[in-house]
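Single-structure report; data block below.
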Amino acid sequence: MTTANVPPHDIAALHALAVRLLDDTGTGQSQLHVRSVSAQLPLEVTVPDGSTVLGSLERETGDVAIL
């Protein structure tokens, strides 16, 4: 499924669903960054040529996952 198949009014619901599914802290405080890396990182992330950032997940614990 791509967001092209999701009606515009459902994008926010899809985002909320993804955050809840990925939030292993149970607090609901995780942040999902679509097509970007969290600006809160204390370092610069180098993206190799030919690569695409799908997004990142920033957990309340400070852990960050980048895809």
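Quick note: the coordinates plus some simple rules give every number you see, no bench work behind them. All of these numbers come straight from a predicted model, not from anything done at the bench. Virtual Cβ from ideal backbone geometry, glycine too; neighbours counted across all protein chains shown.
Based on Cβ point charges of +1 for Lys and Arg and -1 for Asp and Glu, what charge dipole magnitude is obtained for the chain about its Cα centre, in debye rounded to the nearest 20? Kindly include the intermediate steps, with their values, before the conclusion.
Details: 3 positive and 8 negative charges, 34 e Å.
With Lys and Arg at +1 and Asp and Glu at -1, about 160 debye.
Starting from the Cα of Val6, step 7 Å toward the Cβ, then list every residue of segment 36-67 with an amide N under 14 Å from that point.
Counting backbone N atoms under 14 Å from the label point, the list is 55-56.
Report the full-extension gain for the segment Val34 to Ala13: residue separation times 0.36 nm, less the Cα-Cα distance, to one decimal in nm. Provide the component values of the computation, followed by the final result.
Working: separation 21, 0.36 × 21 = 7.56 nm, distance 1.41 nm.
Using 0.36 nm per residue and subtracting the Cα-Cα distance, I get 6.1 nm.
Among Leu54, Pro8, Leu41, pick out the residue whose Cα is farthest towards the positive end of the charge dipole of the chain, where Lys and Arg carry +1 and Asp and Glu carry -1 on C-beta, about the Cα centre.
Pro8
Report, largest value first, the span of the C-alpha coordinates of the chain along each principal axis, in whole Å.
35, 33, 15
How high is the relative contact order of the chain, given as a whole-number percent (alpha carbon pairs under 8 Å, six or more residues apart)? Let's see the in-between values first.
On the way: 68 pairs, mean separation 18.7, N = 67.
The normalised contact order for the chain reaches 28 percent.
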